[in-house]
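This report refers to the structure that appears directly beneath it.
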Amino acid sequence: MKKIISAALCLALALCSFASCAKQKKEIQYVSKYNKNLAGTTLNVFNWGEYISDGSEDTVNVNSEFEKLTGIKINYTTYDSNESMYGKIKGGGVAFDILIPSDYMIERMISEDLLLQFNTAEIENYKYIDDKYKNLYFDKNNCYSVPYNVGMVGVIYNKEMVKGTPDSWSLLWDSKYKNNILNFNNPRDAFATAQFYLGLDINSTNQADWQKAATKLKEQRSLIQSYAMDEIYDKMEGENAAVGTYYAGDCMQMIESNPNLGFYYPKEGTNIFVDSICIPKNAQNVEAAKMYINFLLEPEIALANAEKLCYTSPNTAVFNNENYSYKDSKILYPSEKEMPKTEYFHDLPNTVRSYYESLWTEIKNS
């Protein structure tokens, strides 16, 4: 009888504890009001992989919260590079309502009339976007895009496998780490590693400059374990590679999973980018898309994304939140003295793009 009473007591305590936790779970507070006028419709979102707070590790599931709030179903698809996203949009056949490309790709897509122009005054939470991320070169009048994340490219390395304290792009060409080096699996980012290392203009229209960078990448080819995008997570976290290059926010996530990993911005300079939310010209659910953009700018939703993704947030409500974990991060928010030399990618003429893409094919096949 004692055992039965004890078991019953334990069950009661457990249920009580569960109820207490349920009560304590904080509800998200929204600044804007949302309605269910579009409930039952579908919003097709095309985003980078690993690029939204998805409910894992007790985080906010951003898409689920939007669905609960509005009754709109989200059909969520991912890509691993600007180029693969662009190819899908340019090819037609599939209509998306939301895209999150990088700056230079937005510039290209605007020039090719692939993006819808909209009035940011309709986006109530646009007021939270920091002025320094408005009127940028790729969307000077803020008509086609709303900033989502800001980042820079750096080098991630295993401190147990790499000797010393590296600070240069040269680490990716160090023969000591042959078969343990990862570079980007897309031409624009991969070429930039060689261009910065050689002191070349990453936006050069001179074919000779691209040939110099290609020669440097061919030198690296025999040292490369693989060209990688999202695969870098498993390779670096699992200590299956010594050094790679990737976006700083993703590198921070890898470091949190494996403290043996280190990170730096190369002294020769690096790429800075702004990924922004856009609506494609052939979007089928434009009003839902605008609602979704506004939702992503909600202070608590933007904070959830910033905490999960570890990228620099362009949302002032995030940085001004005293509970924001990364506001003192030197990687995400370096001081003026610690800030590396940076350059944005710009869209390039078709002739230059075709040339470096053909060189990239040669490199990968060499």
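Which of the residues belonging to segment 297-328 are in a loop (DSSP other than H, G, I, E, B) and more than 17 Å from the chain's Cα centre (by Cα)?
So the first thing to find is which residues in segment 297-328 are in a loop (DSSP other than H, G, I, E, B), and the list is 297-298, 310-311, 313-314, 320-328.
Answer for segment 297-328, where residues must be in a loop (DSSP other than H, G, I, E, B) and more than 17 Å from the chain's Cα centre (by Cα): Glu298, Asn320, Asn321, Glu322, Asn323, Tyr324, Ser325, Lys327, Asp328.
Here is a list of conditions, (1) surrounded by 22 or more Cβ atoms within 10 Å (Cβ to Cβ); (2) at pLDDT 95 or above; (3) within 18 Å of the chain's Cα centre (by Cα), and Thr342 meets all of them except one; can you say which number that is?
Every condition holds for Thr342 apart from (1).
Given the criteria modelled with pLDDT of 95 or more, β-branched (Val, Ile, Thr), more than 18 Å from the chain's Cα centre (by Cα) and closer than 30 Å to Ala288 by Cβ, does Ile123 qualify?
Here the answer is yes, as Ile123 does meet what is asked.
For segment 214-237, give me each residue that is among the aliphatic types (A, V, I, L, M), out of contact with any Ser or Thr (no Cβ under 9 Å at 6 or more places or on another chain) and within 19 Å of Tyr197 (Cα to Cα).
Across segment 214-237, the qualifying residues are Ala214, Ile224.
Considering segment 280-337 alone, what residues qualify as being basic (Lys, Arg), over 23 Å from Tyr144 (Cα atoms) and assigned by TED's automatic domain parsing to the domain that holds Gly87? Please lay out each step first, then the result.
If we filter segment 280-337 for residues that are basic (Lys, Arg), which is where we start, we get 281, 290, 308, 327, 330, 337.
Now restrict to residues that are over 23 Å from Tyr144 (Cα atoms): 308, 327, 330, 337.
Correct list: Lys308 only.
Among what's in segment 137-192 and is in a helix (DSSP H, G or I) and among the hydrophobic types (A, V, I, L, M, F, W, C), pick the residue that is surrounded by the fewest Cβ atoms within 10 Å (Cβ to Cβ). Write out each step before concluding.
Restricting attention to segment 137-192, the residues satisfying the condition of being in a helix (DSSP H, G or I) are 169-173, 175-177, 187-192.
Next cut, among the hydrophobic types (A, V, I, L, M, F, W, C) only: 169, 171-173, 190-192.
On the way: Trp169: 22, Leu171: 22, Leu172: 25, Trp173: 17, Ala190: 23, Phe191: 25, Ala192: 23.
The qualifying residue surrounded by the fewest Cβ atoms within 10 Å (Cβ to Cβ) is Trp173.
Across segment 165-179, what is the total count of residues that are out of contact with any Pro (no Cβ under 9 Å at 6 or more places or on another chain), of a type in the set (Phe, Trp, Tyr) and under 18 Å from Leu261 (Cα atoms)?
Qualifying residue count for the region: 1.
When you look at Val31, is it within 17 Å of the chain's Cα centre (by Cα) and among the β-branched types (Val, Ile, Thr), yes or no?
Numbers: within 17 Å of the chain's Cα centre (by Cα): no; among the β-branched types (Val, Ile, Thr): yes.
Considered against the rule, which asks whether it is within 17 Å of the chain's Cα centre (by Cα) and among the β-branched types (Val, Ile, Thr), Val31 comes out as no.
Yes/no matrix, rows are residues, columns are (1) surrounded by 18 or more Cβ atoms within 10 Å (Cβ to Cβ); (2) in contact (Cβ under 8 Å) with a residue 24 or more places away in the chain:
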| site | (1), (2) |
| --- | --- |
| Tyr79 | yes, yes |
| Lys88 | no, yes |
| Gly93 | no, no |
| Ile106 | yes, yes |
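What tally of residues in segment 215-249 results from selecting those that are hydrophobic (A, V, I, L, M, F, W, C), at pLDDT 95 or above and within 17 Å of Tyr79 (Cα to Cα)?
Result for segment 215-249: 2.
Does segment 23-30 contain any residue that is touching a Ser or Thr at 6+ places or on another chain (Cβ under 9 Å) and at pLDDT 50 or above? Give the steps one after another, and end with the answer.
Here is the first cut: in segment 23-30, the ones touching a Ser or Thr at 6+ places or on another chain (Cβ under 9 Å) are none.
The answer is no; no qualifying residue exists.
Sort through Gly262, Gly238 and tell me the only one that's without any contact (Cβ under 8 Å) to a residue 24 or more places away in the chain and under 26 Å from Asn183 (Cα atoms). Reasoning before the result, please.
Values: Gly262 fails: without any contact (Cβ under 8 Å) to a residue 24 or more places away in the chain.
Residue meeting the stated conditions: Gly238.
Quick one: Pro349 ticks every box in (1) touching a residue at least 24 places away in the same chain (Cβ under 8 Å); (2) surrounded by 13 or more Cβ atoms within 10 Å (Cβ to Cβ) bar one, so which box is it?
For Pro349, the exception is condition (2).
Say we look at segment 113-136 and pick out the residues that are loosely packed, with under 13 Cβ neighbours inside 10 Å and not hydrophobic (A, V, I, L, M, F, W, C); which of these is farthest from Pro334 (Cα to Cα)?
Of the residues in segment 113-136, the ones loosely packed, with under 13 Cβ neighbours inside 10 Å are 113, 117, 119, 121-122, 127, 131-132, 135.
From what's left, not hydrophobic (A, V, I, L, M, F, W, C): 113, 117, 119, 122, 127, 131-132, 135.
Details: Asp113: 36, Gln117: 33, Asn119: 32, Glu122: 33, Lys127: 24, Asp131: 18, Lys132: 15, Asn135: 22 Å.
So the residue we want is Asp113.
If the requirement is being surrounded by 15 or more Cβ atoms within 10 Å (Cβ to Cβ), part of a loop (DSSP other than H, G, I, E, B) and not charged (D, E, K, R), which of these qualifies: Ile255, Ile331, Ile293, Ile277? Spell out how you get there, then give the answer.
Details: Ile255 fails: part of a loop (DSSP other than H, G, I, E, B); Ile293 fails: part of a loop (DSSP other than H, G, I, E, B); Ile277 fails: part of a loop (DSSP other than H, G, I, E, B).
It is Ile331.
The values are calculated or read from the model by the stated rules, or taken from the named source; none is laboratory data. The structure presented is a predicted model; accordingly, all values stated were derived computationally and were not measured. For neighbour counting, all protein chains shown are included, and Cβ atoms are generated from backbone atoms with ideal geometry for every residue, glycine included.
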